[in-house]
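Report on the following structure.
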Amino acid sequence: MRVPSKKGFIWLLIYSLIGLVVVMLVASLLHLKAVKDEPDFLIGISQPNLNEPRQLLMNNEIRKEAEKHKNVKLIFTDAAENSEKQVHDVQKLMKYGIDLLIISLNDSEKLTPIVTEVYKEIPVIVLGRGVTGYDYSLFIGSDNLSIGKKSGKLAADLLGGAPADIVEIKGAVSSRSVEETSRGFRDYLSNSPSIKADKVIVGDWQRDRAEDELSRILPSSPGVKLVFAHSDAMALGAYRAIDALGLHDVQIIGIDGLDTLNGGFDLVKQGVLSGTVTSPTGGRESIQYALDILNREKVIPKKIILGSHLITQKNAREVEAASDPGQMTSRMDVNTRKTKLGVAVVGSESSWRAANTESIKNAAGQDLNIDLIMQNAEGSQDKQIEIIRNFIKQKVDVIAFTPIVETGWDNVLAEAKAAGIPVILTDRKVKVEDDSLWTTFIGSDFVEEGRRAARWVVEHKPVAGETKIVELQGTAGSAPAIERRQGFDEVLSQNAGFRVIASEIGDFTTESGQQLMSKVLQQGTVPQVVFAHNDDMALGAIKAIEQAGLKPGKDVVVISVDATKLAFQAMLAGKLNMSVECNPLLGPQIIKAAKELATGKEIPVNIITAESIFSQETAKRDVSTRKY
Ligand code: AHR
């Protein structure tokens with residue numbers, strides 16, 4: 001071996017040093033990139049109190065989910081049931097520089113303004129008890145109306161038709177969730193004339209307050225045979241009051257069904273409660289969506305409504321066994337093969353529908369684990385039922401369909417349920433006796449779309465006197481036609497000076513929009529505003545207005561729903577004044593839901609799309625961002 005000369009040795013040293021510097025540079029660049037790829041997120045969690053077991057569990061779920069991500073840091077605050085303190089907590093979290101706020105409200109009304117303020121700067125996820133309005137990134141909550149109904153049914157079943165008084169223990173009175181739960185409960189009981197539910201007390205979600213209030217009224221109320229508390233914690237308070245008074249014939253129902261020591265699930269198993277209805281906290285989901293929002297990765301829905309189940313002393317053990325992962329094996333084999341998804345499209349009535357159908361095809365096409373069978377019902381309910389029956393025969397794993405109208409689905413959905421095939425409702429809802437016949441709804445809030453259209457009309461009132469409006473409805477009996485009309489009427493009825501002079505029924509096609517509008521104009525009526533239930537009908541109405549020698553967008557204000565590219569062209573031409581967004585790009589969410597259902601996973605009952613409104617003033621700016 002040759003020994004290097006002194007000069008050679010110096011060069012070797014220089015080369016080695018350069019090499020070392022290069023390696024260190026590359027390493028630090030890679031490190032920098034890794035840090036850049038995984039930014040640290042600081043998430044603030046504002047809780048209304050930590051006395052309630054539910055809020056504690058929510059925090060635990062949040063913590064557990066966040067632990068899976070090294071780049072997530074959390075700061076928790078506890079408002080100790082004081083709304084002013086919660087406002088202050090949120091301001092403090094903002095000063096710490098949080099990237100996203102997760103908040104569960106102490107009082108919807110008092111906290112809405114601060115949530116609106118924060119939402120102007122960072123994303124906000126509202127958990128559980130909602131705010132008024134839409135100034136937040138995402139709401140995750142429960143279907144309170146359905147929880148109330150399930151509780152009402154259980155109460156009626158437990159009392160078995162015997163005359164009885166019920167005491168209802170509400171949470172905080174100002175909360176919308178309390179109002180909805182109570183409404184659902186009372187709606188159900190209105191069919192049971194022997195039950196009187198006029199005794200109401202407020203427990204503010206607190207066990208001890210519920211106990212004190214109930215202890216005060218029970219001695220003078222011998223007819224009380226059942227107590228319905230809006231939380232299991234308050235139900236436990238009720239039990240303590242009943243037990244102390246030595247009453248043995250009063251049954252108790254709670255809400256929450258937490259699977260913790262002394263949680264509702266446990267209390268039912270112990271025989272303390274006769275039943276409870278589960279209401280998931282949403283803690284885990286809030287972190288999952290927070291990361292989606294912060295990473296700007298996916299389309300984020302506006303509302304996620306989690307499902308609920310009835311737990312009684314009869315089914316508690318069964319429910320426990322079913323939530324054991326070992327019980328899911330029957331559907332687990334789907335993991336190892338493609339998920340066969342049958343989609344029954346409603347028809348080809350509009351450009352919205354074309355975009356919706358394309359979105360499902362594209363999302364399925366990009367997923368190697370999906371085997372899509374798509375069929376078009378061409379606007380016929382009978383045909384759609386036949387398609388679904390064929391899917392059942394073919395033993396698909398999941399069925400997804402857009403019901404052309406709301407009613408008439410009970411039988412075919414019962415057949416799908418009996419065959420063990422989960423059903424996804426996409427875009428439109430159904431009205432069936434038994435809501436367990438479908439698993440999830442993915443689509444828009446049509447009532448809110450109608451409200452948004454009406455709010456725009458109110459804000460842009462075209463004439464000083466009475467504003468005459470013509471409404472062009474979509475397909476009779478379809479969810480978008482029923483609900484857009486409902487939302488539109490709701491807002492107009494709160495404002496003087498507006499009158500719907502004609503409300504014509506169409507079918508979401510351009511042709512029907514044109515025919516209906518021509519008919520109205522031929523009758524000699526010229527309204528100031530036309531509200532069409534979709535863009536295609538509005539485009540038809542625009543043609544009819546032009547044929548009558550009038551200027552759409554000027555002589556007659558035209559507004560609609562969907563916000564398709566065609567609507568943008570009409571806005572840019574000054575013929576359409578405004579369109580409320582209804583997002584058809586549901587494909588990715590449908591595919592995700594189908595795959596989760598196929599493996600037996602429980603998914604939210606409602607996934608509501610985020611939407612806004614577009615008008616002539618901003619159309620030029622917004623058109624480049626439109627995807628359909
Ligand atoms: O169900 C959604 C509605 O159906 C869309 O607004 C309309 O264009 C359609 O065809």
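Tabulated data for the structure shown
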read-out	value
Distance between modelled label sites at Asn315 and Thr525, nm, 7 Å Cα→Cβ extension	4.9
For the range 446-582, size of Cβ-based charge dipole, Lys and Arg +1, Asp and Glu -1, in debye	400
Ordering of 437-450, 577-590, 86-99, 348-361 by burial proxy (mean other Cβ atoms within 10 Å per residue, highest first)	577-590, 437-450, 348-361, 86-99
Förster radius 60 Å - calculated FRET efficiency between Met24 and Arg176, Cβ distance, rounded to 0.05	0.55
Extended-chain gain in nm, criterion 0.36 nm per residue less alpha-carbon gap, Ala322 and Lys554	77.4 nm
Carbon plus sulfur fraction of accessible area for the chain, probe 1.4 Å, in percent	54
Relative packing of peptides 608-615, 178-185 - highest average C-beta neighbours within 10 Å first	178-185, 608-615
Cα centroid separation - the range 88-121 against the range 274-299, whole Å	18
For the chain, calculated [θ]222 nm from helices alone, where every DSSP H run of n ≥ 4 adds -39500 (n - 2.57)	-13500 deg cm²/dmol
The chain, relative contact order in percent, only Cα pairs under 8 angstrom and at least six apart counted	10
Considering only the chain, percent of DSSP beta bridges that pair antiparallel, nearest 5	10
Average Cα contact separation per residue, the range 41-128, under 8 Å, 6 or more apart, as relative contact order %	37
Accessible area per residue in Å² at 1.4 Å probe, computed on the chain	46
Computed lengthening from Lys70 to His88, 0.36 nm per intervening residue step minus Cα-Cα distance	3.6 nm
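The values are calculated or read from the model by the stated rules, or taken from the named source; none is laboratory data. Every value quoted in this text rests on a predicted model; they were computed, and no experiment measured them. Every residue, glycine as well, gets a Cβ built from its backbone with ideal geometry; the counts of neighbours run over all protein chains shown. In case anyone asks, the SASA skips ligands and DNA or RNA and just uses the protein heavy atoms, side chains included. Shrake-Rupley method; radii C 1.70, N 1.55, O 1.52, S 1.80 Å.
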